[in-house]
């Protein structure tokens, strides 16, 4: 919506920007996977959430192609933590309980993937960019801080299970 409505970019330019975002997501996924496996799960998840919050907040910083493209790149590379939350949940589950825990987690995530763009687009159309993106950035930042302070590190559970 922003690329077309506010910046007047063509479909081709928007597609190119999203392609660049895909490359950044690939890099973020590779780095995030290595960090989660070798350092700690939280070391991948927390920066991913806080980076995503920053990327979303950049959309409110200015109405220019620079901020828009930078936001796409930051959000994409910060998606490094997407799979880590499910991994942490699996780490905390025991054998037969993994499916029972991951099912509701995935369902809630899927509902969010469907409803969030609809809600944010409606807020954007009614109240503008800042009103649409700052609550999302705030939620991501709050989640990142909650994970940092309250969620246990689970990588060590995987190592204990292998012994």
#### Entry: Cα centroid separation, the range 6-30 to the range 50-92 (Å)
13 Å
### Task
Calculate how steeply helix 129-150 sits against the longest principal axis of the alpha-carbon atoms of the chain, using the helix alpha-carbon long axis, and give the answer as 0 to 90 degrees to the nearest 10.
20 degrees
### Task
Would you mind calculating the relative contact order of the chain from Cα pairs under 8 angstrom and at least 6 residues apart, reporting the percent as a whole number?
31 percent
### Task
Note the listed values (1) 52, 30, 25; (2) 64, 35, 25; (3) 57, 28, 27, then indicate which one is Cα extents along the principal axes in Å calculated from this particular structure.
(3)
### Query
In degrees between 0 and 90, to the nearest 10, how far off the longest principal axis of the chain does helix 98-127 point, with axes built from Cα atoms?
10 degrees
### Query
According to a simple spin-label model (label point 7 Å from Cα along Cα-to-Cβ), what is the distance in nm between residue 66 and residue 27?
1.9 nm
### Query
For the Cα atoms of the chain, what angle does the longest principal axis make with the long axis of helix 82-92, in degrees from 0 to 90, nearest 10?
20 degrees
### Ellipticity estimate at 222 nm from DSSP helix runs (n ≥ 4, -39,500 (n - 2.57)) divided over the chain, nearest 500
-28000 deg cm²/dmol
#### Entry: Segment residue 156-residue 115, extension gain: residue separation times 0.36 nm, minus the distance between their alpha carbons
11.3 nm
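Values in this text are rule-based calculations from the coordinates and carry no lab data. Fair warning: this is a prediction, and the values are worked out from it, not measured in the lab. Here the Cβ is made from the backbone with ideal geometry for all residues, glycine too, and neighbour counts use every protein chain on show.
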